[in-house]
1. For the stretch 27-35, what does the Karplus curve 6.51 cos²θ - 1.76 cosθ + 1.60, with θ = phi - 60°, yield as ³J(HN,Hα) per residue in whole Hz, taken in order and with x for Gly and Pro?
2. Leaving out ligands, DNA and RNA, and with a 1.4 Å probe, what % of the accessible surface on the chain is carbon or sulfur?
3. Can you give the local net charge around CYS188? Use residues other than it whose beta-carbon is closer than 9 angstrom to its beta-carbon, Lys and Arg +1, Asp and Glu -1.
4. Find the accessible area per residue for the stretch 43-100; the probe is 1.4 Å, ligands and nucleic acids are left out, and the unit is Å².
5. Roughly what % of DSSP beta bridges within the chain run antiparallel, to the nearest 5?
6. Compute the convex hull volume of the Cα atoms of the chain, divide it by the residue count, and report the result per residue in Å³ as a whole number.
7. Give me the three principal axis extents of the stretch 126-183 from the C-alpha atoms, as integers in angstrom, largest value leading.
8. So which GluC sites (Glu not before Pro) in the stretch 7-61 end up in coil per DSSP with only 11 or fewer other C-beta atoms within 10 Å?
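The values are calculated or read from the model by the stated rules, or taken from the named source; none is laboratory data. Everything numeric here is computed off the predicted structure, so don't read it as measured data. FYI the Cβ positions are ideal-geometry reconstructions off the backbone, even for glycines, and counts take in every protein chain you see. In case anyone asks, the SASA skips ligands and DNA or RNA and just uses the protein heavy atoms, side chains included. Shrake-Rupley method; radii C 1.70, N 1.55, O 1.52, S 1.80 Å.
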Amino acid sequence: QLICGSASGILDNIETQDVVTFTGSATTGRMLKSHPRILSEAVSFNMEADSQNCCILGPDVQPGSVEFDIFIKEVVREVTTKAGQKCTAIRRIIVPATVVEDVQIALGKRLQGTVIGDPSIKEVRMGPLAGISQRNEVREKVQQLAKSQSIVIGDIDQFEVMGADREKGAFLPPLIFLNTDPFNNTDCHNIEAFGPVSTIIPYNTIDDAIELARMGMGSLVCSVVTADDHIAK
């Protein structure tokens with residue numbers, strides 16, 4: 001069944017033999033799991049909580065190579081498709097420290113050409129978020145993330161919208177953070193802004209990359225872009 005809009009009150013009617021299955025944010029999942037009706041009726045509750053998906057660029061990949069271009073295209077696609085409103089979207093862009101600047105420049109050039117606005121217009125490549133409340137929630141998460149890392153691509157307050165009103169519509173631009181100390185500034189591993197938002201994270205060794213990937217609490221999706229079988233393994 002499909003419910004468009006709020007499902008407020010739907011759990012008030014569940015009974016002992018019912019099963020509730022939820023996927024979404026960990027915060028919402030914990031709130032639902034503690035619902036009085038779930039507890040009083042001993043209802044089976046299955047939760048697939050959010051995790052911070054990542055895409056890892058192998059240390060063998062150099063700017064200008066086919067693999068580098070594939071990596072940049074994939075990150076841009078995952079940031080902008082459905083305005084980043086996918087549980088499989090890339091939230092952490094894990095790259096060798098030696099190519100952070102190259103990755104940032106390449107992503108900036110690609111994302112700069114992303115036309116935001118009314119999806120019915122041919123030139124538009126990214127539409128609005130699901131609603132104003134969702135836009136506001138993403139803005140709040142962006143503010144939280146900004147306390148421990150810096151926005152290096154995009155401006156949450158200054159961007160163009162085609163064929164629509166930027167203020168009345170639930171629009172946000174693609175936003176890319178840079179976290180230069182990901183082992184200590186860990187918000188990027190725990191806070192998900194469910195929109196066109198991601199973070200560039202540098203690593204020095206393969207072991208570091210593996211550990212950073214694991215810090216995303218499981219990750220529904222983790223991609224590795226490399227031309228080296230050993231690195232992939």
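1. My calculation for the stretch 27-35 gives 5, 5, x, 5, 5, 5, 5, 9, 4 Hz in order.
2. Within the chain, the accessible surface is 50 percent carbon and sulfur.
3. My count for the surroundings of CYS188 gives +1.
4. Here the per-residue accessible area is 36 Å².
5. 10
6. 151
7. Each principal axis gives a Cα extent; for the stretch 126-183 these are 41, 20, 16 Å.
8. Sparse-neighbourhood loop GluC sites (Glu not before Pro): GLU15.
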